[in-house]
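Quick notes on the structure that follows.
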């Protein structure tokens, strides 16, 4: 498989794993849903899991890769407040957990850039 095809599939795999995790361990995700959002945290957890699975499917398919990757970049920006909430909420946890929560913040930047690169590489393909 050419290297240019691995990157989108790895991104799709990452999104699919995240989407599945929202259903396998929803309580962990419920805890990071910002309180300012209306409705039930569980609905947001499941909804974001569905979105991640849809983005994964869209990126995996060459015909929809570019648009899905652009949407994934926007999604990564959109979930940033949940990562901030997690970092704040976990500030008094043991050092390894606090470090994990804090490390999620700067990781959003390469995820956004990766999705944008996949979108550029996916345009014009069918």
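Computed from the coordinates by the stated procedures, all read-outs in this text should not be read as laboratory data. Treat the numbers as computed from the prediction; the structure is a model and nothing was measured. Here the Cβ is made from the backbone with ideal geometry for all residues, glycine too, and neighbour counts use every protein chain on show.
The slack in the chain from residue 108 to residue 23, taken as 0.36 nm per residue of separation less the alpha-carbon distance, amounts to 28.4 nm. If the segment from residue 6 to residue 84 were pulled out straight at 0.36 nm per residue, it would be longer than the present Cα-Cα gap by 25.1 nm.
Any idea what % of Cα-Cα pairs in region 24-126 are farther than 17 Å? Show your work: numbers first, answer last.
On the way: 3056 of 5253 pairs.
Roughly 58 percent, once rounded to a whole number.
Projected label points at residue 117 and residue 36, each 7 Å from Cα along the beta carbon direction, are separated by 3.2 nanometres. Helix 41-60 and the longest principal axis of the Cα set of the chain meet at an angle near 20°.
Helix 95-122 and the longest principal axis of the C-alpha atoms of the chain enclose an angle of approximately 20°.
What's the FRET efficiency of residue 99 with residue 43 using the Cβ-Cβ distance as r and R₀ = 35 Å, to the nearest 0.05?
Calculated value: 0.70.
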